[in-house]
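Please read the structure below before turning to the comments.
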Amino acid sequence: MPERRYSQLRQLGLLASIPALMAVAPLLGLFAGQWVEKKLHLAPWGTILGLILGFGAAVREIANILRRVREESERPDGDPNGS
């Protein structure tokens, strides 16, 4: 039973990180894009590209988190390591 509780807490922790990912990844992309704009004089394309890449990175990582949570919840014993 403690293993199942550990698995549920792990899943909760993974799911709780999603809002932070949705905020931080696009912001990092925005700042990186603005930096590229200043260095290469590509306004506004650096910001646009940075935001797109930031949102894409967030979506990809959220999909990976959801896949991990689903795989862990499908295990009969709740063991996150699969052993």
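The values are calculated or read from the model by the stated rules, or taken from the named source; none is laboratory data. Just so we're clear, the structure is a prediction, and the values are computed from it rather than from any experiment. Please note: Cβ atoms are built from the backbone with ideal geometry, for glycine as well, and neighbour counts cover all protein chains shown.
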Quiz item: Got a number for residues in region 1-26 being of a type in the set (A, V, I, L, M), loosely packed, with under 13 Cβ neighbours inside 10 Å and in a helix (DSSP H, G or I)?
Solution: 5
Quiz prompt | Test for residue 69: is it surrounded by 15 or more Cβ atoms within 10 Å (Cβ to Cβ) and under 26 Å from residue 11 (Cα atoms) | solution = yes
Quiz prompt | Flag for residue 33 being surrounded by 17 or more Cβ atoms within 10 Å (Cβ to Cβ) and either touching a residue at least 40 places away in the same chain (Cβ under 8 Å) or not aliphatic (A, V, I, L, M) (or both) | solution = yes
Exercise. Check residue 42 against each of (1) modelled with pLDDT under 95; (2) over 23 Å from residue 6 (Cβ atoms); (3) of a type outside the set (Lys, Arg); (4) part of a helix (DSSP H, G or I) and name the one condition it does not meet.
Key: (4)
